[in-house]
Each structure stands twice: as structure tokens, then as C-alpha cells.
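K.L.:
Let me give you the structure first, and then I'll get to my questions.
Every number in this text was worked out from the coordinates using simple rules, so none of it is lab data. Treat the numbers as computed from the prediction; the structure is a model and nothing was measured. Backbone-built Cβ (ideal geometry, glycine too); neighbour counts: all protein chains shown.
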Amino acid sequence: MTSLSDDRELEHRLARELQQAAEYIDDDGFTDQVMLQLPTEPARRPRALWLWSLLMIALLAGAGAWLIIPVQPLTTHLTVVLMEMPLLAWLQIGLGLSVLAVTGTGYWVWREVAP
């Protein structure tokens with residue numbers, strides 16, 4: 001089995017060889033005319049504006065939830081429940097999350113290396 005870096009190196013070498021081997025065929029400017037008639041890339045919204053909009057929506061939703069949901073009793077109850085959990089339950093949750101992380105990482109590596 002070849003490694004990921006070997007595959008990328010082979011692709012790079014093949015691309016370089018193909019670029020060097022390609023001969024220019026004179027087409028009397030046909031390619032340039034076709035390229036001028038192709039539609040331009042559509043204008044994209046700036047990424048920062050999009051992220052800023054999402055942040056504002058999240059802040060408004062959080063403020064609305066803060067006004068509607070009684071936070072004090074909810075946080076007190078959550079704290080009591082978490083403090084009363086036995087140590088074995090915390091260890092089981094940690095083990096489960098670790099297995100999930102290792103499995104996901106293994107799957108990602110397998111997808112990257114597999115042909």
C-alpha cells in the first residue's frame with residue numbers, strides 16, 4: 001500500500017510532465033474568444049459578513065432565551081444532578097467519548113489512505 005505523501009508526489013510529478021509535454025496548437029485566438037464569452041464567477045458575500053450575521057442571530061436568540069427561561073432554577077438543578085453522578089458514570093462517559101474519537105480518527109485516516 002502506498003502512503004498519502006507518495007500519492008501526492010506521484011500526482012505532482014505527473015502534472016508537471018503533462019504540462020511540459022503539452023505542445024501549443026495555434027488556434028487564431030479562438031480560445032481567448034471562448035474564454036471572454038464564459039460567464040464570470042458570481043460575486044460572493046464576504047465570509048466575515050456572513051459570520052457576523054450568524055453571531056448576531058445567535059446573540060439575539062440567546063438574549064431571548066435568557067428572558068424567557070428561568071435560568072437560576074435550571075442551573076441549580078443541573079449542578080445538583082452533575083454533582084450527584086457517581087464516578088463510574090463519569091468514567092463511562094469519558095471512555096465512550098474516547099472510543100468515539102479514536103474510531104472517527106481511524107475512519108478518517110482510512111478514507112484518506114484508501115485508493
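K.L.:
From the backbone phi of the stretch 60-70, what are the Karplus-calculated ³J(HN,Hα) couplings (6.51 cos²θ - 1.76 cosθ + 1.60, θ = phi - 60°) in whole Hz, Gly and Pro given as x?
P.N.:
After applying 6.51 cos²θ - 1.76 cosθ + 1.60, I find 5, 5, x, 5, x, 5, 5, 6, 8, 8, x Hz.
K.L.:
If the only charges are +1 at each Lys and Arg Cβ and -1 at each Asp and Glu Cβ, what is the size of the charge dipole of the stretch 1-102 around the Cα centre, to the nearest 20 debye?
P.N.:
Values: 6 positive and 12 negative charges, 207 e Å.
For the stretch 1-102, the charge dipole is close to 1000 debye.
K.L.:
I want to check the label-to-label distance for D27 and A63. Put each point 7 Å from Cα in the C-beta direction and report it in nm to one decimal.
P.N.:
The modelled label-to-label distance comes out at 5.6 nm.
K.L.:
Then there is this: Using helices alone, what [θ] at 222 nm do you get for the chain, with -39,500 (n - 2.57) per DSSP H run of 4 or more residues, divided over all residues and rounded to the nearest 500?
P.N.:
On the way: 5 runs with 89 residues, N = 115.
Dividing the helical sum by the residues of the chain leaves -26000 deg cm²/dmol.
K.L.:
Moving to a separate point now. Taking the square root of 5 times each eigenvalue of the Cα gyration tensor, what semi-axes in Å does the equivalent ellipsoid of the chain have, largest first? Please report the intermediate quantities before stating the final value.
P.N.:
Numbers: eigenvalues 588, 198, 10 Å².
Semi-axes from the Cα gyration tensor: 54, 31, 7 Å.
K.L.:
Right, something else. Mind giving me the FRET efficiency for L54 and E112? R0 is 30 Å, r the Cβ-Cβ distance, nearest 0.05 is fine.
P.N.:
On the way: r = 30 Å, r/R0 = 0.99.
The pair L54/E112 has a calculated efficiency of 0.50.
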